[in-house]
Amino acid sequence: MTENSVSAGAASDVKTLGAAALLTYSAGVLLLVGYLLLGVFGAILGAVGAVFGVIWWRRTHDDKVFPRDLSVKSLVVLVVVAVAVTLLAFALAA
């Protein structure tokens, strides 16, 4: 069997999958929050904010959006941000 030079193991792959899912979800909810606040213009601002969020994430992780060894702390930060943005969307929708 050949060695996989991309993967750092199953746990690393699961963390990367979680980060990808959380980044995508958070970007979508941020777009929704912008739309709920300001309509179409807010949705555009939300999309710009999501792009800047991904750029910040990449710069934080040595110019890689999905680094080979993602720390648990980074995933916890993503979960906290996703929960906060989701709660804001629920509050605005009510």
When you scan region 1-17, do you find a residue that is loosely packed, with under 14 Cβ neighbours inside 10 Å, in a helix (DSSP H, G or I) and touching a helix residue (DSSP H, G or I) at 6+ places or on another chain (Cβ under 9 Å), even just one? no
All-but-one check, P67 against (1) modelled with pLDDT of 95 or more; (2) in contact with a His (Cβ under 7 Å, 6 or more places away or on another chain); (3) not β-branched (V, I, T), failing number (1)
Give A43, A27 a once-over and let me know the one that is assigned to a helix (DSSP H, G or I), touching a helix residue (DSSP H, G or I) at 6+ places or on another chain (Cβ under 9 Å), surrounded by 16 or more Cβ atoms within 10 Å (Cβ to Cβ) and free of Cβ contacts under 8 Å to residues at least 24 places away in the same chain. A43
Number of positions in region 52-82 that are loosely packed, with under 12 Cβ neighbours inside 10 Å and in a helix (DSSP H, G or I): 8
Could you check F66 against (1) in contact with a Ser or Thr (Cβ under 6 Å, 6 or more places away or on another chain); (2) under 28 Å from F90 (Cα atoms); (3) not acidic (D, E) and say which number it fails? (2)
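The values are calculated or read from the model by the stated rules, or taken from the named source; none is laboratory data. A quick note: this is a predicted structure, and the numbers were derived from the prediction, not measured. All Cβ positions, even for glycine, are placed from backbone atoms using ideal geometry, and neighbour counts span all protein chains on display.
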